[in-house]
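Notes follow the structure.
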Amino acid sequence: MHAVTARTAAPADVRFMRRALRLAARGRGWTSPNPMVGAVVVKQDEIIGEGYHRAVGGPHAEVHALRAAGADAAGATLYVTLEPCNHFGRTPPCTQAVLDAGIRRVVTGMLDPNSRVAGHGAERLRAAGVQVEIGVLEADCRRLNQPFIKAATTGMPYLVMKTAATLDGRIAARTGDARWVTNDRSRRFGHQLRHQLDAVLVGIGTVLADDPLLTARLGSAKCRQPVRVIADTRLRLPETSQLVHSLATAPLWVVCSNAADAAREARLREAGVTVIRVAERNGRVDLEAALTELGRRGIAGVLVEGGSSLLGSLLDAALVDFGHFFFAPKLLGDAQGVPMVSGRSVDRMADALPVYDLAVRRFGGDVLVSGRFRPELY
């Protein structure tokens, strides 16, 4: 299929696709397991309609944009960040809406990543005489929907780790005290991540030490609650914990070993907890098996908040895709403080895990360093 790169695309195509990307991002946190998609209808170099996918089960971006354009859409160009769908899902195929509106040209950022449907929308539009161009700002379109793309192509969720440390890399004092490493602005960003991703994952050690809620709390702003997932090999989760007592607010899944106590499982299930049994590996829950099960249950994006042992195990197994590292302007100065990551032993700096495409932001006095653990996007 004909593809257009950012270098070869017309300046107007790049400009309108950037607008479609900004619109798509408005759906962050509300569309999963579907992608974020934005669409813009343009005629005589003017936007006459635009829209974005707002929520699962609702009209797609193209439909919102075409409705806004009305009869003027005939003969216009449609810019959309993802190939229009050509199949019935929760909604009818968008290709039919495009054809019914009389769109003359479609510019899309990327094909659908699902191999069963990739290219079918473009093919139908071309067969009907619509000019179709693919690949304008493709990297930006792919970056926007990494969890969706990974889930669609591998069946596994996209893992985002978030940790907060002092400048000397400690997430807690030797006593376990970690309140608070970072400031309010940094912690609010963490709550935004919980809203944006489908699940938040911690180990049982974090639960026993902190008794966290793991909910998204953004004040008066509306937010979606993630599924709270606990890696708990022996089912040590207390039935008196805040997690169990807040089931009316957000779901709670506990992943345990096949050898975990059946009576404890029965009590947790009676309380409303979902218990998922997987195989063990090295005396702990097999993390790859656990994530495979999460993907099978529709989880596309997972925020991993620790502790250091869980983060280390996931990194050792090459299961983490992206990392957010907060550093607070303070030093603990104690070798017995809890490290950011506790994983494999490395003898040479050459064997350190590389991080790609780094970005740095300031949150007041805190510094956030973010990057991928894979050299390429999904």
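The values are calculated or read from the model by the stated rules, or taken from the named source; none is laboratory data. Every value quoted in this text rests on a predicted model; they were computed, and no experiment measured them. Here the Cβ positions follow ideal geometry from the backbone for every residue, glycine too, while neighbour counts run over all protein chains shown. Heads up: the accessible areas ignore ligands, DNA and RNA and are worked out on the full protein's heavy atoms, side chains in. Shrake-Rupley method; radii C 1.70, N 1.55, O 1.52, S 1.80 Å.
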State, as an integer percentage, the relative contact order of the stretch 129-193 based on alpha-carbon contacts under 8 Å between residues 6 or more apart. 16
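Is the shape of the stretch 255-378 best called rounded, prolate or oblate, per the rule: a/c under 1.5 gives rounded, else a/b larger than b/c gives prolate, else oblate, with a ≥ b ≥ c the square roots of the Cα gyration tensor eigenvalues?
Since a/c reaches 1.5 and a/b is larger than b/c, the shape of the stretch 255-378 is classed as prolate.
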How much of the accessible area of the chain, in percent, comes from carbon and sulfur atoms when a 1.4 Å probe is used? 51
Using all Cα-Cα distances in the chain, what percent lands in each 20 angstrom bin from 0 up to the longest? 27, 51, 22, 1
Computed over the chain: longest principal axis from alpha-carbon atoms vs helix 287-296 long axis, angle to nearest 10 degrees, is 40
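Name the GluC sites (Glu not before Pro) in the stretch 118-204 that are in a loop by DSSP and that have at most 12 other C-beta atoms within 10 Å, would you? Write out the running numbers ahead of the final one.
Values: sites: GLU123, GLU133, GLU138; in loops: none.
Listed in order of number, the matching sites amount to none.
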Could you name the aspartates and glutamates whose alpha carbon sits less than 19 Å from that of LYS43, not counting residues in the same chain fewer than 8 places away? ASP13, GLU62, ASP72, ASP100, GLU133
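From the protein chains alone at 1.4 Å, what is the descending order of accessible area for THR274, THR154, THR108, largest first?
Putting THR274, THR154, THR108 in descending order of accessible area: THR154, THR274, THR108.
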Rounded tilt (10° steps) of 184-196 against the dominant C-alpha axis of the chain: 60
If you average the sequence gap of Cα pairs under 8 Å that are 6 or more apart and divide by the length of the chain, what percent do you get for the contact order? 16
Bin width 10 Å, origin at 0, all Cα-Cα pairs of the stretch 57-100: what percent of pairs per bin? 27, 62, 11
Probe 1.4 Å, protein heavy atoms only - accessible area per residue of the chain in square angstrom: 46
With DSSP loop assignment and no more than 12 other C-beta atoms within 10 Å, the chymotrypsin sites (Phe, Trp or Tyr not before Pro) in the stretch 137-233 are TRP180
Compute a Gaussian network model of the chain, connecting alpha carbons closer than 10 Å, and tell me which residue from PRO226, PRO92, PRO339 fluctuates the most. PRO92
What does the C-alpha gyration tensor say about the overall shape of the stretch 66-172? Classify as rounded when a/c is under 1.5, otherwise prolate if a/b is larger than b/c, or oblate. prolate
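With an 8 Å Cα cut-off and a minimum separation of 6 or more residues, compute the relative contact order for the stretch 247-378 in percent.
Computed over the stretch 247-378, the figure is 19 percent.
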With both partners inside the chain, how many of the DSSP beta bridges are antiparallel, as a percent to the nearest 5? 40
Under 5 Å, built H, 5+ apart or other chain: amide partners of ASP286: ALA279, GLU280, ARG281
Taking every DSSP beta bridge with both residues inside the stretch 40-124, roughly what % is antiparallel (nearest 5)? 65
Karplus (6.51, -1.76, 1.60) ³J(HN,Hα), θ = phi - 60°, over the stretch 278-284, in Hz, Gly and Pro reported as x: 9, 5, 9, 9, 6, x, 10
Using amide H atoms built in the peptide plane, which far-off residues or other-chain residues are under 5 Å from VAL304 H to H? VAL160, MET161, LYS162, LEU201
Phi-based couplings in Hz for the stretch 213-221 (Karplus 6.51, -1.76, 1.60; Gly and Pro marked x): 8, 6, 9, 8, 10, 10, x, 7, 6
Please list the equivalent ellipsoid semi-axes of the stretch 1-73, computed as the square roots of five times the alpha-carbon gyration tensor eigenvalues, in descending order and whole angstrom. 22, 17, 10
DSSP loop (so not H, G, I, E, B), at most 14 other Cβ within 10 Å: list which chymotrypsin sites (Phe, Trp or Tyr not before Pro) in the stretch 1-95 pass both filters. PHE88
In the chain, once you exclude exposed trypsin sites (Lys or Arg not before Pro) (DSSP loop, at most 10 other Cβ within 10 angstrom), what's the longest stretch remaining? 223-347
